[in-house]
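The values are calculated or read from the model by the stated rules, or taken from the named source; none is laboratory data. Every value quoted in this text rests on a predicted model; they were computed, and no experiment measured them. No Cβ is skipped: glycine too gets one built from the backbone with ideal geometry, and neighbour counts run over all protein chains shown.
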Amino acid sequence: MPSFPPSAVSGNPGDAGDLLVRTLDGIATIQFSHPKGNSLPGTLLRRMAESIDAVGADPRVRAVVLRSGGPQGGPFCAGASFDELRRIADAAAGKEFFMGFGRLILAMRRCPKFIIARVHGKAVGGGVGVVAAADYAIASPGAMVRLSELAVGIGPFVVGPVIQRKIGRGAFQALAVDAASWRDAAWAERHGLFAQVAGEGEALDAAVSTLAQSLAKSSPEAMARMKETFWQGTESWEQLLDERAAMSGELVLSDYTRSAIAAFAAR
């Protein structure tokens with residue numbers, strides 16, 4: 001785990017989670033964390049999107065590493081915050097919460113720098129969307145993925161387009177329909193969600209560092225233009241993700257979903 005000097009840190013401890021940002025030698029590292037499995041409440045989603053925009057506009061930055069905190073073997077990201085889902089009182093509030101994932105995806109899409117995701121453990125729901133929105137994901141052998149939304153009465157509507165874009169319709173449908181099953185790192189690499197499976201701990205950090213350092217020495221203009229071509233066909237996503245967020249915002253209010261979320265939270 002890299003150290004983050006206080007002068008380079010932006011954080012807000014507690015239920016809102018923490019966000020740490022460091023720029024060194026052309027590489028911006030953004031680390032998010034939350035005490036509940038690195039889950040993502042709305043405030044943390046907003047701050048992540050803002051940080052992506054900020055480093056994208058910083059001429060000192062040539063590459064971006066997105067990672068989560070916590071011990072090796074712990075979760076990379078537990079997805080949406082169940083505590084916040086339980087507090088949603090109406091469809092408008094529900095849409096606003098889910099659009100937090102949409103805004104993060106859009107920020108990662110428009111960032112002119114390549115984003116490397118360092119995936120050290122399990123990714124669930126919206127966490128899978130974060131991995132898919134990265135330009136290159138490097139994972140540990142123990143990393144696993146699952147789309148659990150259907151199990152709580154909603155669906156992976158907002159993160160669906162970016163996941164399907166990365167792994168294809170068939171693999172995405174398999175993940176979305178079988179909401180109870182985990183897919184291992186080999187499955188995720190085979191389907192393109194993970195670009196590379198490295199070792200654990202220091203080996204994972206070394207693989208991420210090697211690629212980031214290489215990108216930091218590459219042509220910024222060439223990388224920006226490459227990224228534009230990679231994301232061609234997503235020009236309508238602002239409207240698409242807004243519509244998908246509205247769908248999730250309505251479903252989260254159902255009696256089924258409220259009961260399912262309460263049962264999951266009680267585990």
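Give the residue that is surrounded by the most Cβ atoms within 10 Å (Cβ to Cβ), with candidates limited to residues of region 110-123 that are part of a strand (DSSP E or B) and among the hydrophobic types (A, V, I, L, M, F, W, C).
Across region 110-123, the extreme among qualifying residues is VAL119.
Out of everything in region 19-45 that is in a helix (DSSP H, G or I) and buried (at least 18 other Cβ atoms within 10 Å of the Cβ), what residue ends up being nearest to the chain's Cα centre (by Cα)? Walk me through it before giving the result.
Going through region 19-45, the residues in a helix (DSSP H, G or I) turn out to be 42-45.
Those still in the list that are buried (at least 18 other Cβ atoms within 10 Å of the Cβ) too: 42, 44-45.
Details: GLY42: 13, LEU44: 11, LEU45: 9 Å.
Ranking the qualifying residues of region 19-45, first place goes to LEU45.
For region 150-161, state whether one or more residues are in contact with a Gly (Cβ under 8 Å, 6 or more places away or on another chain), farther than 29 Å from MET223 by Cα and outside any strand (DSSP E or B).
Within region 150-161, one or more residues are in contact with a Gly (Cβ under 8 Å, 6 or more places away or on another chain), farther than 29 Å from MET223 by Cα and outside any strand (DSSP E or B).
Could we say that ARG86 is surrounded by fewer than 22 Cβ atoms within 10 Å (Cβ to Cβ), basic (Lys, Arg) and assigned to a loop (DSSP other than H, G, I, E, B) here? Steps first, answer last, please.
Values: surrounded by fewer than 22 Cβ atoms within 10 Å (Cβ to Cβ): yes; basic (Lys, Arg): yes; assigned to a loop (DSSP other than H, G, I, E, B): no.
Spelling it out, it is not the case that ARG86 is surrounded by fewer than 22 Cβ atoms within 10 Å (Cβ to Cβ), basic (Lys, Arg) and assigned to a loop (DSSP other than H, G, I, E, B).
Do we have SER214 as at pLDDT 95 or above, of a type outside the set (A, V, I, L, M, F, W, C), outside any loop (DSSP other than H, G, I, E, B) and within 20 Å of GLY142 (Cα to Cα) here? Full working, then the answer.
On the way: at pLDDT 95 or above: yes; of a type outside the set (A, V, I, L, M, F, W, C): yes; outside any loop (DSSP other than H, G, I, E, B): yes; within 20 Å of GLY142 (Cα to Cα): no.
Judged against the criteria, SER214 is not a match.
Tally the residues that are over 22 Å from TYR136 (Cα atoms), of a type in the set (S, T, N, Q) and part of a helix (DSSP H, G or I), restricting the search to region 217-254.
Residues flagged as over 22 Å from TYR136 (Cα atoms), of a type in the set (S, T, N, Q) and part of a helix (DSSP H, G or I) within region 217-254 amount to 2.
So is ALA107 aliphatic (A, V, I, L, M), in a loop (DSSP other than H, G, I, E, B) and out of contact with any Phe, Trp or Tyr (no Cβ under 6 Å at 6 or more places or on another chain) or not? Walk me through it before giving the result.
Numbers: aliphatic (A, V, I, L, M): yes; in a loop (DSSP other than H, G, I, E, B): no; out of contact with any Phe, Trp or Tyr (no Cβ under 6 Å at 6 or more places or on another chain): yes.
No; evaluated as a whole, the condition is false for this residue.
Suppose the filter is surrounded by 16 or more Cβ atoms within 10 Å (Cβ to Cβ) and within 20 Å of ALA123 (Cα to Cα); does ALA188 pass it?
Working: surrounded by 16 or more Cβ atoms within 10 Å (Cβ to Cβ): yes; within 20 Å of ALA123 (Cα to Cα): yes.
Judged against the criteria, ALA188 is a match.
Write out, first by first residue and then by second, each pair whose Cβ atoms fall under 6 Å of each other, whose residues are 6+ apart or on separate chains, and whose first residue, in region 237-264, is among the charged types (D, E, K, R) while the second is at pLDDT 95 or above and assigned to a helix (DSSP H, G or I).
GLU250/ALA91
Kindly indicate which of ALA132, ALA107, ALA139 is in contact with a helix residue (DSSP H, G or I) (Cβ under 6 Å, 6 or more places away or on another chain) and either of a type in the set (Asp, Glu) or free of Cβ contacts under 8 Å to residues at least 60 places away in the same chain (or both).
Details: ALA132 fails: either of a type in the set (Asp, Glu) or free of Cβ contacts under 8 Å to residues at least 60 places away in the same chain (or both); ALA139 fails: either of a type in the set (Asp, Glu) or free of Cβ contacts under 8 Å to residues at least 60 places away in the same chain (or both).
Result: ALA107 is the single residue among ALA132, ALA107, ALA139 that is in contact with a helix residue (DSSP H, G or I) (Cβ under 6 Å, 6 or more places away or on another chain) and either of a type in the set (Asp, Glu) or free of Cβ contacts under 8 Å to residues at least 60 places away in the same chain (or both).
Name the single residue, out of those in region 237-260 being of a type in the set (S, T, N, Q) and surrounded by fewer than 16 Cβ atoms within 10 Å (Cβ to Cβ), that is nearest to the chain's Cα centre (by Cα).
Taking region 237-260 and keeping what is of a type in the set (S, T, N, Q), we get 239, 248, 254, 257, 259.
Now narrow it down to the ones that are surrounded by fewer than 16 Cβ atoms within 10 Å (Cβ to Cβ): 239, 254, 259.
Values: GLN239: 20, SER254: 26, SER259: 26 Å.
Checked region 237-260; the qualifying residue nearest to the chain's Cα centre (by Cα) is GLN239.
Among (1) closer than 25 Å to PHE98 by Cα; (2) without any contact (Cβ under 8 Å) to a residue 12 or more places away in the chain; (3) not acidic (Asp, Glu), which single condition is VAL177 missing?
(2)
For region 167-190, what are the residues that are touching a strand residue (DSSP E or B) at 6+ places or on another chain (Cβ under 9 Å) and more than 26 Å from PHE264 (Cβ to Cβ)?
Selection gives ALA186, GLU189.
Scan region 162-211 residue by residue and report those that are of a type in the set (A, V, I, L, M, F, W, C), over 30 Å from SER254 (Cβ atoms) and assigned to a loop (DSSP other than H, G, I, E, B). Show your work before the answer.
Within region 162-211, the subset of a type in the set (A, V, I, L, M, F, W, C) is 162-163, 167, 171-172, 174-177, 179-180, 182, 185-188, 193-195, 197-198, 203-204, 206-208, 211.
Now drop any that are not over 30 Å from SER254 (Cβ atoms), which leaves 185-188, 194-195, 197-198, 203-204, 206-208, 211.
Those that are of a type in the set (A, V, I, L, M, F, W, C), over 30 Å from SER254 (Cβ atoms) and assigned to a loop (DSSP other than H, G, I, E, B): PHE194, ALA195, ALA198.
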